[in-house]
Amino acid sequence: MKLLAAADLHLGRALGGVPCQWADDYSPRQAWHDLIGRAISERVDAVLLAGDVVDRENRFFEAYGVLHSGVARLSKAAIPVIAVAGNHDTAVLPELASTLDGLNFVLLGVGGCWEWHDITDSAGRRLRIYGWSFPAQHHRHSPFEDPLAPGADAPAMRLGLLHCEYGQAASAYAPVQSHEIQDSGIPLWMLGHIHVPQCHTPGNSTSAYYPGSLQGLDAGESGIHGALLIDYDGDAQPTVTPIPIAKLAYLKISLPTADLDCRKAALTQALCQAIDDALDDDCADIEAVVVDLNLAGQSAHSASEFRQIVHEFTENAIQDLGNRDVALRKHSYDIRPLPEEINLPEIAGGSDLLGTLAQAIIALEAGNLNDPVASDMLAEVTRNVRRAEASPAFDQLAHAPLDAAAIQHQTIAKAYELLGDLHRQRQQLQERNDA
Ligand SMILES: [Mn+2]
């Protein structure tokens, strides 16, 4: 008996932070098509969907066609789809389900009551799937407040399908505590809601998996995304294997600047290598990568020199790097000068602008705010960060305010960038004068 489980498809949503050329090629809809292809090629006995299949209640029309055609393809291949509704598709999924008449689609636990459905494989082995659907957009009670009974004639092979917040005593999204999963009498759970893949083992004989969003939906959902292949080899506790499905991956990449030449070719090569390292060998299907790049470490070149090289990179939204297309979403710099090139204590002895800046950096690094320049710089950066955080553009984002330590760190990085630029200008001036 083989099953393919996925969660948090969010059909109808557009991916965040990707170049517009990619909007059609890489979408939750595309991942759903690819999931169906995989289910058919693996000849699974069922596809399981753990909620948030549709992005929002008002996405009926966006979701209707894709869900219908996908379920129809699976039905034609004699693969049933068994789903529960999550907090995003509480009403729209039951509505959609009612239009899938004649197709092999089972929505379990509508209205927040446990329900089960048996499937039987070609060898006659029977699996019982238990499910519970969100009755409203918010649900502050544990789904287990409605007792979960095994039902008549329950087979040994049992699986639970649930959209919930695992490991929580209180939450607006169906909080479930680990002991409730452990005491359920169901050895394997497929959960939805958390978009980052996770595995929990509340007991020796109980596992609960979050497959994570089928396709990462924004830069917060980085790494490889896909589904889980569940293989019962006659055992109540099957093997569970991640199956990459998404063809676009968000990656956070940090490149050390110590041995990095400040040239586009060197940067491209280092970036390619880092992307290859981040994606396992079995992820060759990743076609598109959205990168948040951080350059950090010591270098003979300042942040602004590196920034110029990276800008050449971002002129074209998408770079074709051989086997993959890459888009830079964000780039940040945390670069320190080489001590043999810029001797900070020595420069700080000077009374010119460079000396003042060097003194401020030394003070900032020591956390000494008696230095008036250091304290002014920090106050100015803090004011700007707070103003940006208070702007309407940030309102829509679940964005924790930067803490004081992070602001201080960024101020130091920026001060070093300025120091490097000033130092270089002074050298150039000196060379000109010498000539
Ligand atoms: Mn979700």
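The values are calculated or read from the model by the stated rules, or taken from the named source; none is laboratory data. Every value quoted in this text rests on a predicted model; they were computed, and no experiment measured them. Methodologically, a virtual Cβ is constructed for each residue, glycine included, from the backbone with ideal geometry; neighbour enumeration extends over all protein chains shown.
Some values worked out for this structure:
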| item | result |
| --- | --- |
| Qualifying residues in the range 1-15 (those that are within 14 Å of the ligand (Cβ to nearest atom) and of a type in the set (G, A, S)) - the one farthest from Y130 (Cα to Cα) | G12 |
| All positions within the range 189-233 that are within 18 Å of G131 (Cβ to Cβ), touching a Phe, Trp or Tyr at 6+ places or on another chain (Cβ under 8 Å) and not in a loop (DSSP other than H, G, I, E, B) | W189, M190, L191, G192, T206, S207, A208, Y209, Y210, L228 |
| Where I286 falls short, out of the listed (1) part of a strand (DSSP E or B); (2) over 26 Å from L418 (Cα atoms); (3) in contact (Cβ under 8 Å) with a residue 24 or more places away in the chain | (1) |
| Qualifying residues in the range 36-58 (those that are surrounded by 19 or more Cβ atoms within 10 Å (Cβ to Cβ) and within 16 Å of the ligand (Cβ to nearest atom)) - the one farthest from L159 (Cα to Cα) | D55 |
| Leading residue by the ranking (surrounded by the fewest Cβ atoms within 10 Å (Cβ to Cβ)) among those in the range 124-138 that are closer than 20 Å to A78 by Cα and in contact (Cβ under 8 Å) with a residue 60 or more places away in the chain | R125 |
| Answer from A83, A31, A72, A97 - the residue that is small (G, A, S), assigned to a helix (DSSP H, G or I) and surrounded by 23 or more Cβ atoms within 10 Å (Cβ to Cβ) | A31 |
| Checking G109 against (1) surrounded by fewer than 23 Cβ atoms within 10 Å (Cβ to Cβ); (2) away from the ligand (no atom under 16 Å from the Cβ), the condition it does not meet | (1) |
| So P242, is it within 22 Å of the chain's Cα centre (by Cα) and within 16 Å of the ligand (Cβ to nearest atom) | no |
| Residue ID - nearest to Y416 (Cα to Cα), chosen from residues in the range 386-404 that are modelled with pLDDT under 90 and assigned to a helix (DSSP H, G or I) | A388 |
| Whichever residue in the range 21-35 is polar (S, T, N, Q) and under 19 Å from the mean Cα position of the chain (by Cα) and, among such residues, is nearest to the ligand (Cβ to nearest atom) | S27 |
| From the options V71, V66, V18, residue that is in contact with a Phe, Trp or Tyr (Cβ under 8 Å, 6 or more places away or on another chain), within 20 Å of V196 (Cα to Cα), away from the ligand (no atom under 16 Å from the Cβ) and assigned by TED's automatic domain parsing to the domain that holds L103 | V18 |
| Residue within the range 140-148 that is surrounded by 13 or more Cβ atoms within 10 Å (Cβ to Cβ), closer than 25 Å to P242 by Cβ, away from the ligand (no atom under 16 Å from the Cβ) and within 31 Å of the chain's Cα centre (by Cα) present | no |
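Conditions tested, residue by residue: (1) within 16 Å of the ligand (Cβ to nearest atom); (2) at pLDDT below 95; (3) more than 22 Å from the chain's Cα centre (by Cα).
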residue	(1), (2), (3)
I181	no, no, yes
C199	no, no, no
P211	yes, no, no
I224	no, yes, no
I230	no, no, yes
A236	no, yes, yes
